[in-house]
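Computed from the coordinates by the stated procedures, all read-outs in this text should not be read as laboratory data. No experiment lies behind these values; they were computed from the predicted model shown. No Cβ is skipped: glycine too gets one built from the backbone with ideal geometry, and neighbour counts run over all protein chains shown.
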Amino acid sequence: MKTILYGWFGAAKEFFAILCKLYRRWRSRKNKGRVVATSNCVPIYNPAFVKPDPLIYDQYYLTSLGLAVTWDNPDIQLYLNGTPVSSSLLAPGTTYEVVAQIWNNSTDSPAVAMPVAFSFLEFGISTVSVPIGSTQVNLGVKGGPGCPAYATMPWTTPTTPGHYCIQVQLQPFADANFNNNLGQENTNVGTAASPAVFTFPLRNSTRRPQTYNFEVDAYIPLAPDSCGSGPNDAKARAAKLARNKRGLFPVPPGWQITITPNAATLLPNQSVPITVSATPPSGFTGGNQVLNIHAFYAGGIAGGVTLTVNVP
């Protein structure tokens with residue numbers, strides 16, 4: 001009677017445990033060598049699935065890493081009839097070729113038929129972008145014959161004389177880092193007639209009121225080390241980055257730089273003219289002096305311009 005009433009329950013429980021163990025062993029053998037999903041949304045980590053990492057000299061990304069930047073972009077060059085020209089010396093109503101140099105930080109995956117968009121802006125900080133056109137490039141892997149790749153776009157300058165900024169936006173379908181895809185060329189040249197004076201607009205391109213402050217430095221990209229020279233471990237790479245840290249390239253002594261206003265609070269889409277006055281020290285014989293003007297707000301860097309002062 002005892003067995004009939006409840007004794008069988010313990011035996012059935014043990015029998016069920018044995019069945020479950022046998023089932024798990026069978027599933028384990030069946031799935032051997034396969035990746036078993038742990039959730040409905042399954043990330044794929046198999047080494048066969050790789051992503052490219054297209055990039056261009058991106059001032060916004062580099063600044064976020066604490067590095068000094070120039071707005072004279074080393075990856076953007078303008079040509080007129082095959083001759084390189086400065087973006088600060090553009091004639092109105094003239095067709096130029098804009099060439100963007102594009103890199104890939106991935107040694108495993110190329111970027112095929114990657115869209116590249118070109119646009120221009122009024123010379124200044126956070127001004128309105130005007131599309132020029134878009135093209136596509138095939139970008140090889142890092143160290144391969146197709147890296148870097150070059151995207152070319154014809155651009156006819158506006159008929160209104162003035163200075164303009166060029167932007168190049170990479171638009172990959174897949175990317176290991178989407179933060180280094182926007183390059184900007186934003187330069188102007190002036191002659192110091194005690195002083196050299198530059199004026200450009202600063203615009204609030206955000207949706208909230210913002211207060212902007214300025215930083216000035218004299219950074220020029222350092223010459224890269226030759227391939228294969230010295231170690232390339234994490235410590236060596238960190239040392240190379242440290243040599244380009246923001247704050248290590250002050251304006252040379254004796255230069256007087258005045259920014260008016262030296263701070264600005266703007267409503268969304270509001271803009272204000274910024275005037276930069278640069279006076280060289282007495283007896284300066286350096287010829288040219290590069291000045292990078294960077295505008296910062298609560299969200300980070302808003303943009304900047306690179307000014308070159310020619311001293312006759």
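Where does the longest stretch of the chain lie that holds no chymotrypsin sites (Phe, Trp or Tyr not before Pro) found in a DSSP loop with 11 or fewer other Cβ atoms within 10 Å? Here the longest segment lacking exposed loop sites spans 174-312. Spatial offset of the range 68-86 relative to the range 93-113 amounts to 14 Å, using the alpha carbon center of each. Computed over neighbours whose Cβ is under 13 Å from that of E185, the net charge equals -3, Lys and Arg +1, Asp and Glu -1.
Local charge for P84 was computed over the other residues whose Cβ lies under 15 Å away, with Lys and Arg +1 and Asp and Glu -1, and equals -4.
Averaging the sequence gap over all C-alpha pairs within less than 8 Å and six or more residues apart, then dividing by the number of residues, gives the chain a relative contact order of 20 percent. In the chain the longest region clear of trypsin sites (Lys or Arg not before Pro) that are loop-assigned by DSSP and have at most 14 other C-beta atoms within 10 Å covers 35-206.
Counted by Cβ distance under 14 Å from A239, the other residues give a net charge of +3, where Lys and Arg count +1 and Asp and Glu count -1. What's the angle, to the nearest 10 degrees (0 to 90), between helix 8-30's Cα axis and the longest principal axis of the chain? Tilt of helix 8-30: around 50 degrees.
Rounded to the nearest 20 debye, the dipole size of the chain about its Cα centre is 2460 debye, using +1 on the Cβ of Lys and Arg and -1 on the Cβ of Asp and Glu. Our summary gives the range 152-309 a relative contact order of 33 percent, counting only alpha carbon pairs under 8 angstrom and 6 or more residues apart. Under a model in which nothing but the beta-carbon of Lys, Arg (+1) and Asp, Glu (-1) is charged, the range 147-252 shows a dipole of about 320 debye around its Cα centre. Which of Y164, P195, Y57 sits farthest toward the positive end of the charge dipole of the chain, with +1 on the Cβ of Lys and Arg and -1 on the Cβ of Asp and Glu? It is Y57.
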